[in-house]
Amino acid sequence: MSRIVTKEFLSENVVKLELEAPLIAKKRKAGHFVIVKIGKEGERIPLTISQANPDKGTITLIIQRVGVTSHKLSMMNEGDEVTDLVGPLGHATKIENVGTVLCAGGGVGIAPLLPIVEAMHDAGNRIITVLAARNRELLILEKEIRAHSDEVIIMTDDGSYGTKGLVTNGMEEVINREKVNLAITIGPAIMMKFTSMLTKKYSIPTIASLNSIMVDGTGMCGACRVSVGGKTKFVCVDGPEFDAHEVDFDELLMRLGAYKEQEIEAYSRYLEVIKNR
Amino acid sequence: MSGFDAEYLKSRREAEWRVNLRKGIKAKERTNIERLKMPEVDPLERAKGHMEVNNGLTKEMAIVEAQRCLDCVNPTCISGCPVGINIPEFIKHIEAGNFLDAARTLKETNALPAVCGRVCPQEAQCEKSCFYTEKLGKKPVAIGNLERFAADFERDTGNAYVPEINEKNGIKVAVIGSGPAGLSAAKDLAGFGYNVTVFEALHELGGVLKYGIPEFRLPNEIVDFEIDNLKKMGVKFIKNFVVGKTASFDDLKQEGFEAFFVGSGAGLPNFMNIPGENYIGVLSSNEYLTRVNLMGAAKPEYDTPVVHGKNVAVIGGGNTAMDSVRTAKRLGAKRAMIVYRRSFEEMPARLEELHHAREEGIEFLNLNNPVKYLADKNGHVNKMVLQKMELGEPDASGRRRPVPVEGSEYEVEVDQVIVSIGVSPNPLIPQSLPGLKMSKWGTIEVDSDTMQSSVPELFAGGDIVRGGATVILAMGDGRKAAAGMHAYIKSKTKPGN
Ligand SMILES: Cc1cc2nc3c(=O)[nH]c(=O)nc-3n(C[C@H](O)[C@H](O)[C@H](O)COP(=O)(O)OP(=O)(O)OC[C@H]3O[C@@H](n4cnc5c(N)ncnc54)[C@H](O)[C@@H]3O)c2cc1C
Ligand SMILES: Cc1cc2nc3c(=O)[nH]c(=O)nc-3n(C[C@H](O)[C@H](O)[C@H](O)COP(=O)(O)OP(=O)(O)OC[C@H]3O[C@@H](n4cnc5c(N)ncnc54)[C@H](O)[C@@H]3O)c2cc1C
Ligand code: SF4
Ligand code: SF4
Ligand code: FES
């Protein structure tokens, strides 16, 4: 059981929860995730640890509402208990001083990007971050990212904030301007696919943090498998970060749709239920 | 490992009550009794739901079956049981109608009799070594069914016997993993007087007994009941705790844990690495069974989804494959098929499971092996390409090696494929302890008597040491390791050391 200490909506569909989890807070490093389950009938979903406060014994999760479980989480309040919380899982990000790091965050991917930006900045790298969102309202964590970046470029689909255009436009501008030693991309699979294609063109080593479907998160089921360099890997124990240029993003995109029908049906049923309450 | 020495067994056999029972019925009459058939739910009925297949023996039936046992001078059955249960003693208690004493006898050496009575491959263990099988060429005494009967009887009385524990010695030990290996180690360690904490990575206790073996073979409430018993012995359970991640071994040592038993199992599913294996609808048996058993995916009120396949192929011939294919049938599959590259004779699954599967209308595509999967435009698997096989020379395991028949490929329509070709040891613990000596198969290397690893305070057993094995072997390891840990801690704490 983990108690929710604070709750805040970052945008209409993105909520930030601070949870009591002293052991996880102490162990966690940038790149780690947890598995969360709500109630006896709940499912297990992976969420990145966006921030941690070891003194206070809390971790922060940032959740985008996309289906039943993320919605349930967003409906919980301060003082409520999350039934099951386990972690920190996955390999931590390799933090080292490489020079200039170009970070790309899309949508809720900005949440898992934040601790990496922070750690990479602390390690002495020059950090240029490109944040992308559909519009101004959906952009999250700008202030926090700015605090740990040397430069921030903002791209919106509709031009309501920053520059109108795609995340790749912002990245290419930087690449054409200066030497980039490493790129990190986190966001929807489709965004990672295109950012990865871009950096490959310029031969910039790139890391992507993958968001496959998971069940246990401990290497037991293989639901999270992806092809990396032609080999099958388990995102939960071998990742979640991989060499982006080796990842088969088309397969990842395909596999993310594995339970789409059931998920959409369950979500509409759930929304119906809470509407009638 | 035999639990008791021959002298002790002999002295128990000479107890007056047993002598009298033996005299009560002539050996000839005993051997003339036919082995009783376990009452089962009708195959068509049970394949629709998740109710347990076997109903269990009635009291009257159990007594009759117990009469078959000859209470042999040399009870060879015991040597076939990996935990060395005093088999004739418990069976004679049943014959005498003292069912609770029978349960107590079982618990002297077996932490989970209700479980073993249901899932042990008895035909390859105790029942294989029974005098009836070995010398009379008759069907063995139904040791497993009787074990189940006694354990169930005790549970149904609502107050199960809690084994006695030595005076608490105040020493903290940790057990990692709550599968059968961990549970049986925990039981013995608690009995020795240690403060035992079991750490479990998942949100439920029981390991494979919960997430793998389905309800229709082993109801979860039985596992929970046994775990509650351990709680009554003072064992502490902490769920959602991955040792090596949530805390390291060093952290736990700092917390005061003096020795560790690792029973982390062989949870990592193997795939065949053939084209199309990552298509949607191709999944490991671990994923399939976890979704259904641990996550409740087949019940509407649970959030985890599972696909109810119509044409389901399960690749493999072990217990896991049988559990998967029978689950698929219960989830409404029109065709539920086993694809196995050898023949019935070589199948590693328990005989009873094979028998039940055939009764329930499972199709067996034996001497077939998948070489490739095909999918529709959305990446959903829709066909498998099978290649026919022939049996060649025996391989290292003594089973005849399957050889592909060139040019025999053909297609079968499927919408779900469950890959059940074995598991590898869970790498989480080894990853977190670089000094630990491992075999090339990724299992932890231990001394086979004490189960001590290359890290002195760390002991291990069950599937993490053996690769995929059985419940009872895992439990036997747990007991051995508990004894090994006890000796280790005593030698360490002896004054002057
Ligand atoms: C290592 C890791 C870290 C993650 N970190 C975060 C995080 O910090 N914040 C966050 O909001 N989300 C994160 N995700 C994604 C998150 O786990 C999913 O959004 C969540 O499982 C959806 O559950 P649901 O029941 O709400 O929706 P579902 O009903 O399961 O899914 C609803 C829709 O989302 C899609 N979907 C399902 N799973 C995923 C997924 N893993 N990624 C993307 N889309 C998916 C489905 O195709 C479906 O269309 C992470 C995923 C991984 C693997
Ligand atoms: C579907 C299926 C059917 C089977 N049928 C039979 C049968 O009929 N008869 C039979 O005898 N055998 C059967 N087996 C085999 C038998 O279940 C196993 O041999 C046995 O469960 C092994 O026990 P174990 O305690 O070593 O490991 P497991 O039962 O695998 O338990 C290991 C536990 O450790 C936990 N764990 C792992 N790493 C960590 C960590 N770092 N920290 C904390 N916890 C951790 C895991 O989550 C798990 O709960 C079957 C197996 C399967 C999968
Ligand atoms: S534990 Fe297994 S092998 Fe031992 S007597 Fe019982 S059924 Fe037979
Ligand atoms: S060998 Fe068979 S008959 Fe003899 S004691 Fe054991 S169970 Fe009874
Ligand atoms: S989530 Fe089950 S193996 Fe990765």
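Using helices alone, what [θ] at 222 nm do you get for chain A, with -39,500 (n - 2.57) per DSSP H run of 4 or more residues, divided over all residues and rounded to the nearest 500?
Calculated at 222 nm, the ellipticity per residue is -9000 deg cm²/dmol.
Using a simple spin-label model with points 7 Å from Cα along the Cα→Cβ vector, what separation in nm is obtained for B:LYS377 and B:THR76?
Distance between label points: 6.7 nm.
In whole percent, how big is the carbon plus sulfur part of the accessible area of the protein assembly as shown, probe 1.4 Å, protein atoms only?
Roughly 50 percent of what the probe reaches on the protein assembly as shown is carbon or sulfur.
Positive end of the dipole of chain A, charges at C-beta (+1 Lys, Arg; -1 Asp, Glu), about the Cα centre: which of A:VAL152, A:GLY109, A:ALA30 has its Cα farthest in that direction?
Positive-end residue among those listed: A:ALA30.
Ordering B:TYR194, B:TYR161, B:TYR211 from largest to smallest accessible area (1.4 angstrom probe), what's the sequence?
B:TYR161, B:TYR211, B:TYR194
So who's got an amide H within less than 5 Å of the one on B:VAL262, skipping anything under 5 residues away but keeping other chains? H placed 1.01 Å off N, in plane.
B:ILE176, B:PHE459, B:ALA460, B:GLY461
Quick check: net charge around A:VAL130, other residues with Cβ under 11 Å of its Cβ, Lys/Arg +1 and Asp/Glu -1?
-3
Using only the Cα atoms of chain A, build the gyration tensor, take square roots of its eigenvalues as a ≥ b ≥ c, and label the shape rounded, prolate or oblate: rounded if a/c is under 1.5, else prolate if a/b is larger than b/c, else oblate.
Rounded, because the longest to shortest axis ratio a/c is under 1.5.
On average, how much area does the Cα convex hull of segment B:23-157 cover when viewed from any direction, in nm²?
8.4
Might you tell me the accessible area per residue for chain A, computed with a 1.4 Å probe and given in Å²?
For chain A, the solvent-accessible area averages 42 Å² per residue.
Given labels modelled 7 Å from the Cα in the Cβ direction, how far is it in nm from A:GLN262 to B:ASP250?
About 4.2 nm separates the two model spin labels.
For the pair B:HIS50 and A:ASP158, how long in nm is the line joining their label points, each one 7 Å along Cα→Cβ?
So the two model labels end up 4.5 nm from each other.
Calculate one ³J(HN,Hα) per residue across segment B:61-76 by plugging θ = phi - 60° into the Karplus curve 6.51 cos²θ - 1.76 cosθ + 1.60, and present them in order as whole Hz with x for glycine and proline.
Going residue by residue, I get 5, 4, 5, 4, 5, 5, 5, 5, 5, 8, 6, 4, 4, 10, x, 4 Hz, with x marking Gly and Pro.
So which chymotrypsin sites (Phe, Trp or Tyr not before Pro) in segment B:424-492 end up in coil per DSSP with only 14 or fewer other C-beta atoms within 10 Å?
Answer in residue order: B:TRP441.
Given 0.36 nm per residue, what is the gain on full extension from A:LYS201 to A:LEU253 after removing their alpha carbon distance, in nm?
16.6 nm
Can you tell me which lysines have their Cα less than 28 Å from the Cα of A:LYS164? Leave out same-chain residues fewer than eight positions away.
A:LYS16, A:LYS143, A:LYS179, A:LYS193, A:LYS200, A:LYS201
Using R₀ = 35 Å, calculate the FRET efficiency as 1/(1 + (r/R₀)^6) where r is the Cβ-Cβ separation of B:ASN159 and B:ASP449; round to 0.05.
FRET efficiency, B:ASN159 to B:ASP449: 0.45.
Name the residues of segment A:220-243 whose accessible area falls by at least 10 Å² when all protein chains are present instead of the chain alone, probe 1.4 Å?
Residues shielded by partner chains are A:MET220, A:CYS221, A:ALA223, A:ARG225, A:THR232, A:PHE234, A:VAL237.
Give the long-range amide H neighbours of A:VAL130: residues separated by 5 or more places, or on another chain, with amide H under 5 Å away, using H modelled in the peptide plane at 1.01 Å from N.
The list, which skips near neighbours in sequence, is A:CYS103, A:ALA104, A:GLY105, A:ILE153.
Quick one: which residues, 5 or more positions from A:ILE207 or on another chain, have an amide H under 5 Å from its amide H? H modelled 1.01 Å from N in the peptide plane, none for Pro or chain starts.
A:ALA183, A:ILE184, A:THR185, A:ALA244
So which trypsin sites (Lys or Arg not before Pro) in segment A:5-95 pass both tests, a DSSP loop state and at most 16 other Cβ atoms within 10 Å of the Cβ?
Taking segment A:5-95 and a limit of 16 other Cβ atoms within 10 Å, the loop trypsin sites (Lys or Arg not before Pro) found are A:LYS29, A:LYS40, A:LYS56, A:LYS94.
Enter the accessible area of A:CYS103 (Å², nearest 10), with the probe set to 1.4 Å and all protein chains included.
0
What accessible surface, in Å², does a 1.4 Å probe find on B:ARG399, ignoring ligands, DNA and RNA and rounding to the nearest 10?
80
Among the DSSP beta bridges whose two residues both lie in chain A, what percent are antiparallel, rounded to the nearest 5?
Around 60 percent of the beta bridges assigned by DSSP in chain A are antiparallel ones.
If a/c stays under 1.5 just call it rounded; otherwise compare a/b with b/c (prolate if a/b is bigger, oblate if not). Do that for segment B:200-268, with a ≥ b ≥ c from the square roots of the Cα gyration tensor eigenvalues.
Oblate, since a/c reaches 1.5 and b/c is not below a/b.
Stokes-Einstein at 37 °C, 0.692 mPa s, Kirkwood radius from Cα pairs: D for segment B:363-497 in µm² s⁻¹?
Using the Kirkwood radius from Cα pairs, D works out to 173 µm²/s.
Roughly speaking, what is the centre-to-centre gap between segment B:424-471 and segment A:230-250 when only Cα atoms are used, to the nearest Å?
The distance from the Cα centre of segment B:424-471 to that of segment A:230-250 comes to 27 Å.
Which percentage, to the nearest 5, of the DSSP beta bridges contained in segment A:184-277 is antiparallel?
Close to 80 percent.
How many Å² of accessible surface get buried when B and A come together, counting both sides, probe radius 1.4 Å, rounded to the nearest 100?
By this definition, chains B and A bury close to 3500 Å².
Run down the lysines and flag those whose C-alpha is under 22 Å from the C-alpha of B:LYS59, throwing out any fewer than 8 positions away in its chain.
Of all the lysines, those that pass the test against B:LYS59 - Cα under 22 Å, at least 8 places apart if same chain - are B:LYS23, B:LYS26, B:LYS37, B:LYS92, B:LYS107, B:LYS139.
Largest first and in whole Å, what are the equivalent-ellipsoid semi-axes of the protein assembly as shown based on the Cα gyration tensor, each being the root of 5 times an eigenvalue?
51, 30, 23
Ignoring everything but the protein chains, give the 1.4 Å probe accessible area of B:HIS355 in square angstrom, nearest 10.
So the heavy atoms of B:HIS355 present about 90 Å² to solvent.
Pick from A:PHE249, A:PHE194, A:PHE33: which is most flexible by mean-square fluctuation in a GNM of chain A where alpha carbon atoms under 10 Å apart are linked?
Looking only at A:PHE249, A:PHE194, A:PHE33, the largest GNM fluctuation is found for A:PHE194.
Please compare each pair in B:LYS172/B:LYS239; A:LYS37/B:LYS187; B:LYS168/B:LYS480 to a cut-off of 27 Å on the Cα-Cα distance and tell me which ones are over it.
Cα-Cα > 27 Å for A:LYS37/B:LYS187; rest within.
In segment B:269-422, what % of DSSP beta bridges are antiparallel (nearest 5)?
45
Measure out, as a whole number of angstrom, how far apart the alpha-carbon centroids of segment B:251-302 and segment B:108-182 sit.
25
List, in order, the whole-Hz ³J(HN,Hα) value for each residue of segment B:218-234 obtained from phi through the Karplus relation with A = 6.51, B = -1.76, C = 1.60 and θ = phi - 60°; use x for Gly and Pro.
8, x, 4, 5, 5, 5, 4, 4, 5, 5, 4, 4, 5, 4, 5, 7, x
Are there any GluC sites (Glu not before Pro) in segment B:262-324 that are in a DSSP loop and have at most 15 other Cβ atoms within 10 Å? List them by number.
Here the GluC sites (Glu not before Pro) that fit, given the DSSP loop and packing criteria, are B:GLU301.
Hey, can you list the residues from segment A:1-48 whose accessible area shrinks by 10 Å² or more with all protein chains present, relative to the chain by itself (probe 1.4 Å, no ligands or nucleic acids)?
A:LEU23, A:LYS27, A:LYS37, A:LYS40, A:GLU41, A:GLY42, A:GLU43, A:ARG44
Keeping all protein chains in place, calculate the accessible area per residue for segment B:408-497 (probe 1.4 angstrom), answer in Å².
44
Hey, how many Å between the Cα centroid of segment B:337-412 and the Cα centroid of segment A:39-74?
A separation of 42 Å, based on Cα centres.
The values are calculated or read from the model by the stated rules, or taken from the named source; none is laboratory data. The structure displayed is predicted, hence computed values, not measured ones. Don't worry about glycine lacking a Cβ; one is built from the backbone with ideal geometry, like all the others, and counts go over all protein chains shown. Each accessible area value is taken on the protein alone, full model and side chains, heavy atoms only, with ligands, DNA and RNA left out. Shrake-Rupley method; radii C 1.70, N 1.55, O 1.52, S 1.80 Å.
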